[in-house]
Amino acid sequence: MELLRFTTAGSVDDGKSTLIGRLLYDSKSIFEDQLEAVKNSSERKGLEHIDLSLLTDGLRSEREQGITIDVAYRYFATPKRKFIIADTPGHIQYTRNMVTGASTANLALILIDARHGVMEQTCRHSYIASLLQIPHLIICVNKMDLVDYSEEVFNKIMEDYTEFSSKLDVNDIRFIPISALVGDNVVNRSENMDWYQGATLLNTLETIHIASDYNHLDARFPVQTIIRPHSDEYHDYRGYAGRVDGGIFRPGDKIVVLPSGLTSSITSIDTFEGHVEEAYPPMSVSITLADDIDISRGDMIVKENNMPELTQDLDIMMCWLNAKPAVPGAKYFLRHNTKEVKAVIKEVVYKIDVNTLQRNEQDKEIKMNDIVRVRLRLTHQIAFDAYRKNRSTGSIILIDDTTNETLAAGMIND
Amino acid sequence: MHKYYLDHLQELEAEAIFVLREVAAQFDRPAILFSGGKDSIVVTHLAKKAFWPAKIPMPLIHIDTGHNFPETMNFRDKLVKELGVQLLVGSVQESINKGRAKEEKGLNASRNALQIVTLLDCIESNKIDAAIGGARRDEEKARAKERFFSHRDEFGQWDPKNQRPELWNVFNGRKNMGEHFRAFPISNWTEMDVWNYIMKEKIAIPSLYYAHEREVVYRDNTYLPNCEYMVLRDGEFIEKKVIRFRTLGDITITGGIESDADTIEKIVMEVSAIRSTERGNRSDDKRSDTSMEDRKKQGYF
């Protein structure tokens, strides 16, 4: 059974909670005692209906204010697939949460209210999905029951969206007319829209092809830690432990260690179960090499005939995550995979208006939730790929050197 | 079907091993919180795989409430011996004797909340800078917002509104003196995943998880095991039932369900058909809508 990670962004009134509630409920993933607790809470608040958003809004302050302020993870499974939902709030002041939720997703669900069509927030959510290079987008045109299940309304929204999304960098976009409240085309086929011949939402989630979402071409292995047992049986064992971030490694492969440039070849690829003949993403393995060379955490093992770029200067799209604004000239820790260096923001190229996609080259201030293109200078070289080629070797975070808080997320440009 | 893909249990395992190795690499003195329950057993099993052929490079911590199932204690000692790892024990009874913790009084008294003091004392006295736990996001709504790397201030407290964002697979374990981290490698696992993994990997678990006959008292829709701390209330009586436990905590607060699932295969079948959450039998979670969040803020795991 495969695992599909998807993200949903939206605000209270666009029916996102109802949709998630329906997916969980119709796939029998809400337990009786959870439903009972939500029923009781809804009654105490004097609500007439069961408020399914209480299932996802877990923190005390969220329950008090009735809003989602953080990323909540939800789980459900069907006989065909297991799903992880990163449920994020959709308001502009939570752009950072959307970015966080999107960073690990294979797929994004974007809701459009059929009565209102493509809105500013549709644009924002789609841009973030494209910026974070989520491979698949499903546009759910919701509340079809409130527009008399009209095919014209659906087609118009599809046209408007397609026109706008030509500016985005997404290959796989699908449209599904649904009513989360009534259940049309969510789990069960709608009897009210025989003009729609496509798959239901759940069926699409179950069958969409995700196995090639990983980069299987460019072999990348960032070293996490070195395993040295010091036991009698494994006296000279030296395994480089890590997770394959791209490509396929095999014993005998000629490798280069970056940034040092030292070369060797793979003797074995080890797991607890024994040697394996191939290692590919996202496997966690240990690699042993033919030569005793200097390798430490933060180094990257790659194949000789396929090298990433080495640089001390990065051009990135960056989302600022912290309430404390960026300070020009300040030094930050930069984490790239398992490597840590220091970095300084050299230049703000432009800021993106996430609602209109307009670039602003005048406004150089970087505040929370801003998405900006910047140039960084690093203290040491790192080995990277463009984010478009590899989401793992193409991403960085910035960390405050006094509070240690995570300040920013960055996607490296081509 | 594409050849190069992992099924969901393999992917979850690879993710957990990655997290465990990040903890070992980023911290000086990590430890695994070991309760003897299935989740911490699975985490320990994953640690064995993550660092093989080396031994697990960190001790196990057990917080001993004094109200244990004897079966859990035997299991713990056997496993520690097998793995050759160090075991650190924090005793709640000692915390009470020293006046650090105060025994709860009244009908629903338990030592569950007292563990917080003992746990934090144990972390501090052993200078542990990362405590690895088996908490899962599907267990409880406050845990649904937990990070893989969860920061704790110098008082051991969790600030849910001010958590560090966690993107991709980049984990920020930087901290100041006196602060520590909790790390949760199986965050993304569900109860079903844990049971399927135990079955697939043939992992040994305490006999309490399998159906067995036991003296019990029916209270709050669950069967509480009879033990020396049991005080019967009006109308209650001791009876014999064939039950099993879905989670293991203190003997005083862990309720069982009627079941004839005496093999792992039968448990997996039963769990997939069950219509209530596993913590539904835990009286510590029923105190209020946010009782887990409130305890976690103070330092509970």
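The values are calculated or read from the model by the stated rules, or taken from the named source; none is laboratory data. Just so you know, these numbers come straight off a predicted model, no measurement behind them. Cβ sites come from the backbone with ideal geometry, for glycine too, and all protein chains shown count toward neighbours. Heavy atoms of the whole protein, side chains included, go into the accessibility calculation; ligands, DNA and RNA do not. Shrake-Rupley method; radii C 1.70, N 1.55, O 1.52, S 1.80 Å.
Odds and ends about this structure:
- Globularity index of the protein assembly as shown, i.e. its alpha-carbon radius of gyration over 2.2 N^0.38 Å: 0.97
- Among beta bridges identified by DSSP and lying wholly in chain B, the antiparallel ones come to about 60 percent.
- Quick note on chain A: its Rg to Rh ratio, both from C-alpha atoms and Rh being the Kirkwood radius, is 1.01.
- Check: segment B:113-157 dipole with +1 on Lys, Arg Cβ and -1 on Asp, Glu Cβ, in debye: 260 debye
- The mean count of C-beta atoms from other chains within 10 Å of the C-beta of residues in A:71-79, rounded to a whole number, is 4.
- Comparing A:129, A:330, A:383 in a Gaussian network model of chain A (Cα springs below 10 Å), the most mobile by mean-square fluctuation is A:330.
- Note on chain A: with a GNM built from Cα contacts shorter than 10 Å, the maximum mean-square fluctuation among A:266, A:138, A:293 falls on A:293.
- Cα centroid separation, segment A:337-388 to segment B:57-104 (Å): 48 Å
- Taking only the C-alpha atoms of segment A:220-303, the Rg (one decimal) and the largest Cα-Cα distance, Dmax (whole number), read 11.7, 34 Å.
- Packing rank of A:235-243, A:168-176, A:386-394, A:106-114, where each peptide gets the mean count of other beta carbons within 10 Å, highest leading: A:106-114, A:386-394, A:235-243, A:168-176
- Within chain A: Cβ-based charge dipole about Cα centre, in debye rounded to nearest 20 (Lys, Arg +1; Asp, Glu -1): 780 debye
- The apolar share of the surface of the protein assembly as shown, taken as the fraction of accessible area on carbon and sulfur atoms (1.4 Å probe, ligands and nucleic acids excluded), comes to 48 percent.
- Taking N as the residue count of segment A:183-244, its C-alpha radius of gyration divided by 2.2 N^0.38 Å amounts to 2.29.
- Heavy-atom surface of segment A:309-412, accessible at 1.4 Å and reported per residue (Å²): 40 Å²
- Reciprocal of mean inverse Cα separation for segment B:205-284 (Kirkwood radius, Å): 12.9 Å
- Every Cα-Cα pair of segment B:22-134 was included, and the share exceeding 21 Å stands at 39 percent.
- Nearest-20 debye value, segment A:320-391 charge dipole, Cβ charges on Lys, Arg, Asp, Glu: 300 debye
- Note on segment A:267-367: Cα Rg divided by 2.2 N^0.38 Å, N the number of residues, gives 1.57.
- Exceedance of the 22 Å cut-off in Cα-Cα distance is limited, within the set A:303/A:389; B:141/B:200; B:127/B:161; A:367/B:145; B:78/B:102, to B:141/B:200; B:127/B:161; A:367/B:145; B:78/B:102.
- A 1.4 Å probe run over the protein chains yields, for chain B, 40 Å² of accessible area per residue, whole-number rounding.
- Taking each residue as 0.36 nm, the span from residue A:92 to residue A:166 lengthens on full extension beyond its C-alpha to C-alpha distance by 24.4 nm.
- Farthest positive-ward along the protein assembly as shown dipole, Cα basis, beta-carbon charges - from B:122, B:208, A:285: B:122
- Once the Cα atoms are used to define both axes, helix A:120-131 deviates from the longest principal axis of chain A by about 20 degrees.
- Shielding by partners - mean other protein chain Cβ count within 10 Å, residues of B:136-144: 5
- Loop-resident sites, segment B:116-221, for chymotrypsin sites (Phe, Trp or Tyr not before Pro), counting at most 13 other Cβ within 10 Å (DSSP): B:155
- DSSP beta bridges fully contained in the protein assembly as shown are about 70 percent antiparallel.
- Taking the average, over residues, of other Cβ atoms within 10 Å as the packing measure, peptides A:309-320, A:252-263, B:30-41 rank B:30-41, A:309-320, A:252-263 from highest down.
- Segment A:67-209 pair-distance distribution - Cα-Cα, 10 Å bins, rounded %: 11, 41, 39, 9
- Both chains summed, the buried accessible area for B and A stands near 6500 Å², from protein heavy atoms and a 1.4 Å probe.
- Each label was represented as a point 7 Å from its Cα along the Cα-to-Cβ direction; for residue A:43 and residue A:148 these points are 4.1 nm apart.
- For segment B:104-235, DSSP calls about 75 percent of its internal beta bridges antiparallel.
- Alpha-carbon spread of segment A:302-359, three principal axes, descending order, Å: 43, 27, 18
- Listed residues B:263, B:222, B:44, most fluctuating in chain B (Gaussian network, C-alpha, under 10 Å): B:263
- In plain terms, the C-alpha convex hull of segment A:309-412 casts an average shadow of 6.3 nm² when viewed from every direction.
- Exercise: per-residue mean of other protein chain Cβ atoms within 10 Å, A:331-338: 3
- Full extension of the chain between residue A:156 and residue A:276 gives 38.0 nm of extra length, using 0.36 nm per residue less the Cα-Cα distance.
- Range of Cα positions in chain B per principal axis (Å), largest first: 56, 55, 38
- Per-residue packing, averaged as other Cβ atoms within 10 Å, sorts the ranges B:231-240, A:85-94 into the order A:85-94, B:231-240, beginning with the highest.
- Of the residues in segment B:11-35, those shielded by at least 20 Å² of accessible area once partner protein chains are present, compared with the chain alone at a 1.4 Å probe, are B:11, B:12, B:14, B:15, B:18, B:21, B:22, B:25, B:26.
- For segment A:335-383, GluC sites (Glu not before Pro) are listed when DSSP marks them as loop and at most 10 other Cβ atoms sit within 10 Å of their Cβ; the list is A:361.
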